[in-house]
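Asker: Below you will find the structure I want to go over with you.
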Amino acid sequence: MGYTIAQKIIKNHLISGEMTAGSEIALRIDQTLTQDATGTMAYLQFEAMGTERVKTELSVAYIDHNTLQAGFENADDHRYIQTVTKKHGIRFSRPGNGICHQVHLERFSKPGKTLIGSDSHTPTAGGIGMLGMGAGGLDVAVAMGGGAYYITMPKIIKVELVGKLNTYVGAKDIILEVLRMLGVKGGVGAVIEYSGEGVKTLSVPQRATITNMGAELGATSSLFPSDEITKAFLAAQERECDYIPLEPDADAVYDAEYKVDLCALEPLAACPHSPDNVKPVSELEGMAIDQVCIGSCTNSSMLDMLTVAAMLKGKTVHPNVSLSISPGSKQVYTMLAECGALADLIAAGARILECACGPCIGMGFSPKSAGISLRTFNRNFEARSGTADAGVYLVSPETAAASAIMGKMTDPRTMGGTLDINVPTHFHINDNLIEMPASPEEAKSITVERGPNIKPIPVGKAPDADLDCSLVLKVGDNITTDHIMPAGTKILPYRSNVPKLSEFCFTVCDPEFPERAKKNGGGIIVGGSNYGQGSSREHAALVPLYLGIKAVVAKSFARIHVANLINFGIVPMTFENPEDYDKLKEGANLRITGFADAVAGADTLTLECACGAKIPLRLTLTERQRAILSAGGMLNYTKNNG
């Protein structure tokens, strides 16, 4: 039996474990990346481990999230990251150089290699045939120190692409179609591999759009083959030496298979408030809109920008619409200026933002109250835009541009004509905003600068022998990390200040939660299905830890979040019988007898409620995870086993 692409890469990087779906494996990691919203904590954790020099082939720190500097906090964090990376052997991508995933795709991603990043959209690198996976900052810190990255061996899902996209239908519509088919939980525990004749019709940036939003499927990663199109992209970046061919074996076996006919696809939109709430644009046509945002790590490539510029050339954005455009990298921005496309965008009335995440994470450009915003981004979770009652629709650059012109949701196919986009065969190479680290000798004299907003990392404690506490919060299905630990201009600057950040924890769901948790001395949180989906932000575990949360009981968990809970000593448990969720009421007094012993070695345990109910729970943990939890988290575990 042959291997799939993912299995080939895993086999070449396997340190321990068996390549059997569902079992824990340890992987050697070639590259890491961080961004500034999660990077400060990752580097604080790296420092705490006492490793002098990063041990990966390449590690890069990007500044792309917290670039709106309304106070000293973000600037202080940036200087900390700049100095700590220079000291420890990590490259530093300065503010203005671009969004981490776009820049990494252009300059560093390599077919056949492994990459983890403290951002859930790290699978973007799968567009070039690299196994990219989102992870918590602590897992990234461990990998930088030479440690293995542990995951559950994924299932492999094949998506066959046939045919060719029609004019005004984009790669974004492909992944929206896959989301419509599989849903936000359809990729959990799996790697999505794309194959078929349709793959040959897609450029690397188009492929990267698809792998980027594989995160919204809950997938561990998404992958395209590395082929002649990959080779041409790398040659355009003067990196042809990084090319290797990589395709699945003809007799590879998949756990599930799906097919998408590209010829039959039409423009699609993900409606509020979930990426899988997908409808044809033709069904939404005519809906008045207030705002259009084009960019993000999903759709900010040269191809995307040239497409939008061609559609806007000679036209004017509708007077009722505010249009923002964020090029994904300095490379893209420079080339837009050189070819004149930037002038076309400006002339049409677009507001050009810096090469950063910006509106995607609620960092500026929030819609008006109850506004309708069309975005080429990857998430439309409630309040993520910065406006609690906004309606955010995820669309392709083609749909976004057409709608910006018309002032209403518009099927771009009604614009008529053809799109003749000529992407350059050679890209402008200038890595002057990527700082190289100091030599080991030079590093000895570097002082790491720490601003007053950088506070110590909360450290977990070993589980209580018997757990006695209250149910401090009960939430429903598909709770995202944006619910747990919101982003936005007011909150992101405190990412390195957990005590301050705790004031915002779960306030999207319940404004009283932080104070109630403190008053109760912590407790247990109960959730529904897919608890913790979305971003890789470990703050969604760190901050509950600071507030005294001992355990989370849910119907099911998202992959990265459950790993983060374990890393910080919060015990994740699932209902043996999902219907028992209904028996628990917020404020109830709960008890688990023999809690510490159960964490150390039991698969099941009983949650006793003061009302008399006895609810069986499951602890689905590996021996390594049990040891981490018993130590009170990864930091304690690492110190104890160092």
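Asker: Let me confirm something: among 208, 215, 236, 232, which residue is surrounded by fewer than 24 Cβ atoms within 10 Å (Cβ to Cβ), farther than 13 Å from residue 131 by Cβ, in contact with a His (Cβ under 9 Å, 6 or more places away or on another chain) and not acidic (Asp, Glu)?
Answerer: Step by step, each of 208, 215, 236, 232 is checked, and only 236 is surrounded by fewer than 24 Cβ atoms within 10 Å (Cβ to Cβ), farther than 13 Å from residue 131 by Cβ, in contact with a His (Cβ under 9 Å, 6 or more places away or on another chain) and not acidic (Asp, Glu).
Asker: Quick one: which residue in 103, 84, 169 is aliphatic (A, V, I, L, M), at pLDDT 95 or above and touching a Gly at 6+ places or on another chain (Cβ under 8 Å)?
Answerer: Among 103, 84, 169, only 103 is aliphatic (A, V, I, L, M), at pLDDT 95 or above and touching a Gly at 6+ places or on another chain (Cβ under 8 Å).
Asker: Now, a different point. Within segment 218-229, which residues are surrounded by fewer than 20 Cβ atoms within 10 Å (Cβ to Cβ) and among the β-branched types (Val, Ile, Thr)?
Answerer: 229, the sole residue that qualifies.
Asker: Also: Confirm whether residue 358 is on the phi > 0 side of the Ramachandran plot, surrounded by 20 or more Cβ atoms within 10 Å (Cβ to Cβ) and either more than 25 Å from the chain's Cα centre (by Cα) or not polar (S, T, N, Q) (or both).
Answerer: yes
Asker: To continue, here is another question. Taking residue 101 as the residue in question, decide whether it is buried (at least 22 other Cβ atoms within 10 Å of the Cβ) and in a helix (DSSP H, G or I).
Answerer: yes
Asker: Could you grab me the full set of residues in segment 282-316 that are under 21 Å from residue 360 (Cα atoms) and assigned to a loop (DSSP other than H, G, I, E, B)?
Answerer: If the condition is that a residue be under 21 Å from residue 360 (Cα atoms) and assigned to a loop (DSSP other than H, G, I, E, B), then 289, 290, 295, 296, 297, 298, 299, 300, 301 are the ones that fit.
Asker: Condition first: free of Cβ contacts under 8 Å to residues at least 40 places away in the same chain and buried (at least 19 other Cβ atoms within 10 Å of the Cβ). Now tell me which residues in segment 587-623 satisfy that.
Answerer: Hits for segment 587-623 are 598, 605.
Asker: I would also like to ask the following. Kindly indicate the residue of segment 319-334 that is of a type outside the set (Ser, Thr, Tyr) and in contact with a Phe, Trp or Tyr (Cβ under 7 Å, 6 or more places away or on another chain) and also surrounded by the most Cβ atoms within 10 Å (Cβ to Cβ) among those meeting that condition.
Answerer: 327
Asker: Scan segment 452-469 for residues that are surrounded by fewer than 18 Cβ atoms within 10 Å (Cβ to Cβ) and not β-branched (Val, Ile, Thr) and jot them down.
Answerer: Matches in segment 452-469: 452, 455, 456, 461, 462, 464, 465, 466, 468.
Asker: Can you name every residue in segment 337-362 that is in a helix (DSSP H, G or I) and touching a Pro at 6+ places or on another chain (Cβ under 6 Å)? Quick ask: steps written out before the conclusion?
Answerer: Our first condition is that a residue be in a helix (DSSP H, G or I); within segment 337-362, this holds for 337-339, 341-348, 358-361.
Correct list: empty.
Asker: Moving to a separate point now. How many residues does segment 453-484 hold that are assigned to a helix (DSSP H, G or I) and among the hydroxyl-bearing types (Ser, Thr, Tyr)?
Answerer: Qualifying residue count, segment 453-484: 1.
Asker: When you scan segment 148-165, how many residues do you find that are in a loop (DSSP other than H, G, I, E, B) and surrounded by fewer than 24 Cβ atoms within 10 Å (Cβ to Cβ)?
Answerer: Going through segment 148-165 one residue at a time, the tally reaches 5.
Asker: Moving on to the next point. I need the full set of residues from segment 46-75 which are in contact with an Asp or Glu (Cβ under 9 Å, 6 or more places away or on another chain), buried (at least 20 other Cβ atoms within 10 Å of the Cβ) and not β-branched (Val, Ile, Thr), in order please.
Answerer: Those that are in contact with an Asp or Glu (Cβ under 9 Å, 6 or more places away or on another chain), buried (at least 20 other Cβ atoms within 10 Å of the Cβ) and not β-branched (Val, Ile, Thr): 61, 62, 64, 65, 66, 74.
Asker: Related question: Hey, any hits in segment 348-370 for a residue that's aromatic (Phe, Trp, Tyr) and at pLDDT 95 or above? Step through it out loud before you land on a result.
Answerer: Of segment 348-370, the ones aromatic (Phe, Trp, Tyr) are 365.
Adding the requirement that they be at pLDDT 95 or above leaves none.
Scanning segment 348-370, I find no residue that is aromatic (Phe, Trp, Tyr) and at pLDDT 95 or above, so the answer is no.
Asker: Quick one: residue 394 ticks every box in (1) farther than 30 Å from residue 565 by Cα; (2) surrounded by 13 or more Cβ atoms within 10 Å (Cβ to Cβ); (3) in contact with a Cys (Cβ under 9 Å, 6 or more places away or on another chain) except a single one, so which number is it?
Answerer: (1)
Asker: Out of everything in segment 554-586 that is more than 18 Å from residue 462 (Cα to Cα) and of a type in the set (Val, Ile, Thr), what residue ends up being surrounded by the most Cβ atoms within 10 Å (Cβ to Cβ)?
Answerer: 560
The values are calculated or read from the model by the stated rules, or taken from the named source; none is laboratory data. Values in this document were obtained by computation on a predicted structure and should not be read as measured data. Glycine also receives a Cβ, built like all others from the backbone with ideal geometry; neighbour counts cover every protein chain displayed.
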